[in-house]
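Enquirer: There's a structure below that I have some questions on.
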Amino acid sequence: MDERISFNGRTFCGYGFVSHPITGKRTVLISKSPDCGWASLSDLKREQFFFHEIGHAFLNLRHDETLLCDGNPSTLMNSNVDKYDYYSGSSEAKKYYLDELFDRLKANAQCLQFQDWKTNPVFYKLAAGSSDWFFSNSKETLAGSRPGNSLKISSIEGKTSQESGYWFTQIDVPNIPEGSKVTLRTKVNAQNLTGPGVAIALRVYESDIQNKGAQFRESLLLTTEASPVSGNLNNHVLQVSIPKFTRKTIYLIPFAVMMPGTKGDATFDEFEIVVE
């Protein structure tokens, strides 16, 4: 293409479509627009850029900012793919980067940069004003609000909820060491919460490569929905844990849930994911 690629109100020099908006097929488009610099790229840089877009289109991969201990990206899926020289010729580096594209566990043999988990075990903590959380309750019998750095779910007076109401977010490509214990934890506060009550959940997804491209697969569901809590709750701790995290994980989706038939207000405070 001689012009930049436009999609969802933005322009790109390259794009890997899992489902092209016109054809519905997995498609890689590369722009030859002068400001994208395609004409000046070496064959190796073009190859690396193309494999990056293949990762999006055919392998369902997200951008991954994980770095090796030497400061280089751990994967071709780094969002700044065009700024790095990943490999040359038929080097061992090339073998690693192409192998890792199809098998994320190949990175486990490398020295990866992680935060100091002993000093700070918190991988994720809900922050006030973060815009990447969403509330769902299609019957509009429960309402979600965001007081400070908390999540709140309330029943609506005069209505009886026939379905759950829940806050959720999606955490892409979590940079957590293989084999770690990963815990989703929150403290719930409520007064006179009646009915079934509230719970939390964590869905874990991987990407399986198949003949027609990768498909997302839910590899794990952890939830306290079988034993929700209600009544008067004072910093009541709810938590679920992944006993052994795998870097095959493409994304995590944590939930704060109010069960059907619950009446009252519940606030989920200190909503966080910690790593041991």
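The values are calculated or read from the model by the stated rules, or taken from the named source; none is laboratory data. Nothing here was measured: the structure is a model prediction, and the numbers come from that model. Note that each Cβ is placed from the backbone with ideal geometry, even for glycine, and that neighbours are counted across all protein chains shown. Remember, those area values only see protein heavy atoms, side chains included, never the ligands or the DNA or RNA. Shrake-Rupley method; radii C 1.70, N 1.55, O 1.52, S 1.80 Å.
Enquirer: Do we find a residue being over 20 Å from the mean Cα position of the chain (by Cα), closer than 21 Å to residue 101 by Cα and in contact (Cβ under 8 Å) with a residue 24 or more places away in the chain anywhere in region 5-12?
Expert: No.
Enquirer: Anything in region 34-82 that is open to solvent by 70 Å² or more (accessible area, probe 1.4 Å), closer than 14 Å to residue 14 by Cα and under 24 Å from the mean Cα position of the chain (by Cα)? List them, or say none.
Expert: The answer is 50, 63, 82.
Enquirer: Could you look through region 132-144, keep only residues that are among the hydroxyl-bearing types (Ser, Thr, Tyr) and not in a strand (DSSP E or B), and pick out the one that is most open to solvent (accessible area, probe 1.4 Å)?
Expert: By that ranking, first place goes to 138.
Enquirer: Report yes if some residue within region 257-268 is closer than 22 Å to residue 105 by Cβ and either open to solvent by less than 70 Å² (accessible area, probe 1.4 Å) or free of Cβ contacts under 8 Å to residues at least 60 places away in the same chain (or both); otherwise report no.
Expert: Looking for residues that are closer than 22 Å to residue 105 by Cβ and either open to solvent by less than 70 Å² (accessible area, probe 1.4 Å) or free of Cβ contacts under 8 Å to residues at least 60 places away in the same chain (or both), one finds none in region 257-268, hence no.
Enquirer: Which condition number does residue 147 fail, the rest of (1) surrounded by 14 or more Cβ atoms within 10 Å (Cβ to Cβ); (2) within 21 Å of residue 235 (Cβ to Cβ) being met?
Expert: Only one criterion in (1) surrounded by 14 or more Cβ atoms within 10 Å (Cβ to Cβ); (2) within 21 Å of residue 235 (Cβ to Cβ) is unmet by residue 147, namely (1).
Enquirer: In addition: Please specify each residue of region 93-131 satisfying the condition of being loosely packed, with under 12 Cβ neighbours inside 10 Å and either over 18 Å from residue 66 (Cβ atoms) or of a type in the set (Lys, Arg) (or both).
Expert: 118, 119, 127, 128, 129, 130, 131
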